[in-house]
Amino acid sequence: SQYESVYHQAKRSGEPIIELLIDTNAMSEHELLKAVAHMYQTRFVSTERLAKAGIDRQTLSMVPRRVCERYHCCPVVFDPKTQSLSIVVADLDDDVSKHVQVVTGVREVRAYIARPAAITASIRKYYGGDPMAFSKLLPEKGSGLPPAMDETDLGGLGGGLGLDFEVGGRGRAAPRAR
């Protein structure tokens, strides 16, 4: 089957299986992220949303680039009132939220799912200033491809940054480190 072929290719190449499933059109980004978010009872952020996010310097300065690269995560929204930091991660199995919470000293870290390549591009764009970081991940304008995701605004979590978080499973909040 196509899925077995992708699985074996991932084993051989070491590339994340999520990326291969998307690149081979075995699953759309939206379907795959929704399934992973459902599995972890969290939400997800599409590549398109991350590319347009406009994450502010204060939020970025809370988590050093080296920490983002080591734990493959990127901060997206900080709420000073609740001392809550939202981050995107590719894998929730590694307790990234707890590591980020220790580094930042915030009261709470909420982790949302994003595809690995989108997190890498986010780090390159928002920390490195690379305006082309997302160019290989987004469909060309006018390509006829549908939008990357359905729009679901979840109570202003995006902080006015144009960041909408998509519900992946039962509408529950993201896993939190406290």
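Cβ separations smaller than 6 Å between residues 6+ apart or across chains give the following pairs from the stretch 47-62 residues that are of a type outside the set (Phe, Trp, Tyr) to residues that are in a helix (DSSP H, G or I): THR47/ALA118; LEU50/ALA118; LEU50/SER122; ILE55/TYR126; LEU60/TYR126; MET62/THR104. Can you find a residue that is open to solvent by 40 Å² or more (accessible area, probe 1.4 Å) and touching an Asp or Glu at 6+ places or on another chain (Cβ under 9 Å) anywhere in the stretch 107-125? Yes, the stretch 107-125 contains at least one residue that is open to solvent by 40 Å² or more (accessible area, probe 1.4 Å) and touching an Asp or Glu at 6+ places or on another chain (Cβ under 9 Å). Which residue is modelled with the lowest pLDDT, if the candidates are limited to the stretch 90-108 and must be within 20 Å of VAL45 (Cα to Cα) and touching a Ser or Thr at 6+ places or on another chain (Cβ under 8 Å)? Looking at residues that are within 20 Å of VAL45 (Cα to Cα) and touching a Ser or Thr at 6+ places or on another chain (Cβ under 8 Å), I get LEU92.
The residues of the stretch 8-65 that are small (Gly, Ala, Ser) and over 25 Å from PRO139 (Cβ atoms), listed by number, are GLY14, SER61. All of (1) touching a helix residue (DSSP H, G or I) at 6+ places or on another chain (Cβ under 7 Å); (2) in contact (Cβ under 8 Å) with a residue 24 or more places away in the chain hold for MET27 with one exception: (2).
Matching residues to (1) touching a helix residue (DSSP H, G or I) at 6+ places or on another chain (Cβ under 9 Å); (2) open to solvent by 50 Å² or more (accessible area, probe 1.4 Å); (3) farther than 16 Å from ALA133 by Cβ; (4) not aromatic (Phe, Trp, Tyr):
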{"site": "THR42", "(1), (2), (3), (4)": "yes, no, yes, yes"}
{"site": "THR47", "(1), (2), (3), (4)": "yes, no, no, yes"}
{"site": "ILE55", "(1), (2), (3), (4)": "yes, no, no, yes"}
{"site": "GLN58", "(1), (2), (3), (4)": "no, yes, yes, yes"}
{"site": "HIS72", "(1), (2), (3), (4)": "yes, yes, no, yes"}
{"site": "LEU85", "(1), (2), (3), (4)": "yes, no, yes, yes"}
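If you take the residues in the stretch 22-33 that are touching a Ser or Thr at 6+ places or on another chain (Cβ under 9 Å) and either in a helix (DSSP H, G or I) or aromatic (Phe, Trp, Tyr) (or both), which one is modelled with the highest pLDDT? Only one residue fits best here, namely HIS30.
In this structure, PRO80 does not qualify as more than 20 Å from PRO16 (Cβ to Cβ) and open to solvent by less than 20 Å² (accessible area, probe 1.4 Å).
The values are calculated or read from the model by the stated rules, or taken from the named source; none is laboratory data. Predicted model, so just to flag it, every value in this text is computed and none were measured. FYI the Cβ positions are ideal-geometry reconstructions off the backbone, even for glycines, and counts take in every protein chain you see. These area figures cover heavy atoms from the full protein model, side chains too; ligands, DNA and RNA do not enter into them. Shrake-Rupley method; radii C 1.70, N 1.55, O 1.52, S 1.80 Å.
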